[in-house]
Amino acid sequence: MTLPIDPTALSESDIGEKRATLHMDHESAIEHVREVFTDAGFGIPVEFSPSELLNEKVDADRDPYYVLGACNPSMADRALDASEKKMGGLFPCNVIIWEEESGVQTVYHVSIMRIGRLVGMAPDDETMAEIVADTGELVDEAFSNLDAEA
């Protein structure tokens, strides 16, 4: 299968990649990220630990890795309308926290709105551009508060 886009040609900004480093233990980082994203207007309807699941089910021996499924209801509603409901296949917007080493956590996020547009799940039009910009502002706010409060 040939990919319709060249992944090596994409920049961090093309996919809305954000990354932060927190100097705290893993559980504290999860709580901190949850609080900061909630304060920025996101709900967290889904969360789970892939590392715990994989360590239990396939003896993976993975370091702590946690997923917060963040969702801003207004943005989600707009994205569903703009994409003829297709964007729901990428919901929620995941924020990942993984342990680099004891006391050092990485927080990682990519924009499902940008990715949905890149792969054709959402239109490349003004309506979607506004949704991308609006969700980007919320994520930027959350990430700036991660750094400010850590």
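Tabulated data
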| read-out | value |
| --- | --- |
| Residue check for A70: of a type in the set (A, V, I, L, M) and in a loop (DSSP other than H, G, I, E, B) | no |
| Residue in region 47-60 that is closer than 24 Å to P7 by Cα and open to solvent by 30 Å² or more (accessible area, probe 1.4 Å) present | no |
| Which numbered condition D124 fails, given (1) crowded, with 19+ Cβ neighbours inside 10 Å; (2) under 30 Å from T2 (Cβ atoms) | (1) |
| Count of residues meeting criterion [open to solvent by 50 Å² or more (accessible area, probe 1.4 Å), touching a residue at least 60 places away in the same chain (Cβ under 8 Å) and assigned to a helix (DSSP H, G or I)] in region 82-114 | 1 |
| Exclusive hit being in contact with a strand residue (DSSP E or B) (Cβ under 6 Å, 6 or more places away or on another chain) and either free of Cβ contacts under 8 Å to residues at least 60 places away in the same chain or not in a strand (DSSP E or B) (or both), set L146, L138 | L146 |
| Qualifying positions in region 67-81 - open to solvent by less than 40 Å² (accessible area, probe 1.4 Å) and touching a helix residue (DSSP H, G or I) at 6+ places or on another chain (Cβ under 9 Å) | V67, L68, A70, N72, M75, A76, A79 |
| Some residue of region 42-49 being touching a helix residue (DSSP H, G or I) at 6+ places or on another chain (Cβ under 6 Å) and within 20 Å of G89 (Cα to Cα) | yes |
| Hits in region 26-46 - residues which are at negative phi, open to solvent by less than 50 Å² (accessible area, probe 1.4 Å) and either outside any helix (DSSP H, G or I) or at pLDDT below 95 (or both) | A40, F42, G43, I44 |
| Output for region 47-67, where each listed residue is among the basic types (K, R) and part of a helix (DSSP H, G or I) | K57 |
| Cross-chain or 6+ apart pairs with Cβ under 6 Å, region 13-42 first and more than 18 Å from E101 (Cα to Cα) and of a type outside the set (D, E, K, R), then open to solvent by less than 10 Å² (accessible area, probe 1.4 Å) and part of a helix (DSSP H, G or I) | V36/A142; V36/L146; F37/A142; A40/A142 |
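The values are calculated or read from the model by the stated rules, or taken from the named source; none is laboratory data. Please read these numbers as outputs of a predicted model, since none were measured by experiment. Every residue, glycine as well, gets a Cβ built from its backbone with ideal geometry; the counts of neighbours run over all protein chains shown. Heavy atoms of the whole protein, side chains included, go into the accessibility calculation; ligands, DNA and RNA do not. Shrake-Rupley method; radii C 1.70, N 1.55, O 1.52, S 1.80 Å.
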